[in-house]
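Presented below is the structure to which this report refers.
Please treat every number below as a calculation from the coordinates, not as lab data. All figures in this text were calculated on a predicted structure; none of them were measured in a lab. All Cβ positions, glycine included, derive from the backbone under ideal geometry; neighbour counts span all protein chains shown.
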Amino acid sequence: MYVIVEIAGKQFKAEKGRKLYVNRLQGDEGASLSFDKVLLADNDGQVKVGAPVVEGASVNAKILRHLKDDKVIVFKKKRRKGYKVKNGHRQFLTQILIEDITVA
């Protein structure tokens, strides 16, 4: 069984026991979260598609840790003009563990 759930503005495929890296969420490590924006639910071939969300469906997760992603280098250059800018960026992430999926 899996669901497509919207977490912090992005869509993720969630299955029980799966670990996901999502944009930084509020909460301490070990805290439990519940997500109600389930867009699609598949239970062994029986697919429920929400309009826009599946009624009565939710995903329970636990925050494992907060971390930062790998550095992304942003380099801008205009040739023959002497313009070069180099910046780095590290995205703040939260690792969550999907504990339970309920579909009514």
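A few points about this structure:
- K84 paired with A8, simple spin-label distance in nm, labels 7 Å along Cα-to-beta-carbon: 3.4
- With all projection directions averaged, the alpha carbon convex hull of the chain covers 9.1 nm².
- Relative contact order, percent, the chain [alpha-carbon distance under 8 Å, six or more residues apart]: 32
- Computed FRET value (nearest 0.05) for D69 with Q46, which takes r as the C-beta separation and R₀ as 35 Å: 0.45
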